[in-house]
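First comes the structure, then the notes that go with it.
The values are calculated or read from the model by the stated rules, or taken from the named source; none is laboratory data. It should be emphasised that the depicted structure is a prediction, and the values quoted were computed from it without experimental measurement. Every residue, glycine as well, gets a Cβ built from its backbone with ideal geometry; the counts of neighbours run over all protein chains shown.
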Amino acid sequence: MYAILDDAARRARAYLDGLNERAVAPDPQAAAALRQLDEALPAGPSAEGETLALLDRAVSPATLATAGRRFFGFVIGGALPEALAANWLAGAWDQNAGLYASTPGVSHLESVALRWLIDLFGLPVGSGGAFVTGATVANFTALAAARNAVLARVGWNVEAHGLFAAPPITVLTGLEAHPTLLKSLGMLGLGRARIVRVPVDTAGRMRADALPAIHGPTILCLQAGNVNTGAFDPFEALIAPARAAGAWVHVDGAFGLWAKAAPALRPLARGLEEADSWATDAHKWLNVPYDSGLAFVRDASALKAAMAITAEYLPTESAERNPSDFTPELSRRARGVEVWTALRALGRTGLAELFERNCRQARRFAQGLAGAGHEVLNDVVLNQVLVAFGAPERTRRIVAAIQRDGTCWCGGTVWQGRTAMRISVCSWATTDADVEQSLAAMLRLAAADQG
């Protein structure tokens, strides 16, 4: 058994050693060769190590180098070495992080990590939290508590009676709310087509002057970190009147919530802490391995009421916090291990340095591209840069050329009618030299396209 574990560690190290020398995009020949995996289920066991060798040989070259230094395509940070190592150790522990009595070690780690995060983000003391898969489920978890709470205020028990004949809930979101938020609302039975979409400004921020009057059960969904521009909704102008009118305010902060951890960025998120619930991803900017979403709810009892589970065979009686009382899953891996590790390894100053450095690097991309005559479409307030290379067709060609070139990897998007390339800077490993190398490749390929 230990020989194969040593072999896996050796192969993982070899992969990481070559990560920044290879093209960022998957090797096309390796992607085509994945067909070798389309075999029938073997009739019997394979020789020890054979399956791992096949996995490495066939799949490693066909991966997108999201863990490398020059991946800017999505808001995905590479795994911190400490967090990756903790992931391996947690895999060996193989704990089902649901109940304190049976898994006290990982359950306690999650409680500590949540306490640290609530303090780091400046959220109300005593807020409840949950470790889930990603932003979609984090939004779902927090909004389940919101749905139940706003209906309870008008005398309706969702857990007992469901949504059949329930009083209607008005859901307000900005026109540029992320699709994962809309998916979460749909899964909760609140209807995507029924959402009231509030106009946004030229940065994608919800316009406070366009917020409609609030009556009856209402959930207002705000955004910390527009996925294209990085912009933040004006929390102070929106949250106070909404809560005064009895609405529940939720903040989708998939990556923008981390701004609260950096002194230079914190003013962007001013007032966010006055909301009722928040969602974020640790595998985005905290740089822990997939998957690691986080949901927070001001009223911990509301979160527990929406998520708790009991059964005769489960050891649920405990003076300590049972993680499964706050998550959609009963059975799940111990996601809090990597988060606790990353937080402790970096500390407050290390976290601030990571986030502020990435934002400085994003501004350098914008400066270099604009200086070469290309159009930067957004005010770079966080770690997102949007650039257009003229006509939509030319922008798409240049994005494709950058991806093929392999020096770095950026994605395309359409924002407020403009076709653009999006640069997301969020890796602990990205150096200023990587930025300059990537910028040089972008400018070279843009200059080569004269179509």
Practice problem: Check Asn20, Asn96 and return the single one that is in contact (Cβ under 8 Å) with a residue 12 or more places away in the chain, touching a Ser or Thr at 6+ places or on another chain (Cβ under 8 Å) and not aliphatic (A, V, I, L, M). | Solution: Asn96
Quiz item: Looking only at region 155-208, which residues are among the polar types (S, T, N, Q) and in a loop (DSSP other than H, G, I, E, B)?
Solution: Asn157, Thr202
Exercise. Inspect region 190-198 for any residue being under 21 Å from Arg270 (Cβ atoms) and crowded, with 19+ Cβ neighbours inside 10 Å and give the result as yes or no.
Key: yes
Quiz item: Does Ala295 count as assigned by TED's automatic domain parsing to the domain that holds Ile118, touching a Gly at 6+ places or on another chain (Cβ under 9 Å) and either crowded, with 22+ Cβ neighbours inside 10 Å or in contact (Cβ under 8 Å) with a residue 24 or more places away in the chain (or both)?
Solution: yes
Practice problem: Could you please find all residues in region 410-428 being surrounded by 24 or more Cβ atoms within 10 Å (Cβ to Cβ), out of contact with any Cys (no Cβ under 7 Å at 6 or more places or on another chain) and closer than 19 Å to Ala370 by Cα? | Solution: Cys410, Ala420, Ser424, Val425
Quiz prompt | Whichever residue in region 172-189 is more than 18 Å from Ala144 (Cα to Cα) and not hydrophobic (A, V, I, L, M, F, W, C) and, among such residues, is surrounded by the most Cβ atoms within 10 Å (Cβ to Cβ) | solution = Gly174
Quiz item: Restricting the search to region 125-141, which residues are in a loop (DSSP other than H, G, I, E, B) and polar (S, T, N, Q)?
Solution: Ser127, Thr133
Quiz item: Considering only region 58-111, how many residues are more than 30 Å from Ala441 (Cα to Cα), outside any helix (DSSP H, G or I) and among the charged types (D, E, K, R)?
Solution: 1
Practice problem: Assess whether Ala305 counts as being at pLDDT below 95 and either assigned to a helix (DSSP H, G or I) or not assigned by TED's automatic domain parsing to the domain that holds Arg207 (or both). | Solution: yes
Quiz item: What is the number of the single condition among (1) in contact (Cβ under 8 Å) with a residue 40 or more places away in the chain; (2) of a type outside the set (Lys, Arg); (3) loosely packed, with under 15 Cβ neighbours inside 10 Å that Gly373 does not meet?
Solution: (1)
Exercise. State whether the residues of region 52-61 include one that is touching a residue at least 24 places away in the same chain (Cβ under 8 Å), within 26 Å of Val425 (Cβ to Cβ) and of a type outside the set (Asp, Glu).
Key: yes
Quiz prompt | Selection within region 1-50 - in contact with a helix residue (DSSP H, G or I) (Cβ under 9 Å, 6 or more places away or on another chain) and of a type in the set (Phe, Trp, Tyr) | solution = Tyr15
Exercise. Show the residue pairs that are 6+ apart or on different chains and have beta-carbon atoms under 7 Å apart, the first residue being within region 184-199 and within 18 Å of Ala210 (Cβ to Cβ), the second being hydroxyl-bearing (Ser, Thr, Tyr).
Key: Ile195/Thr173; Val196/Thr170; Arg197/Thr173; Val198/Thr173
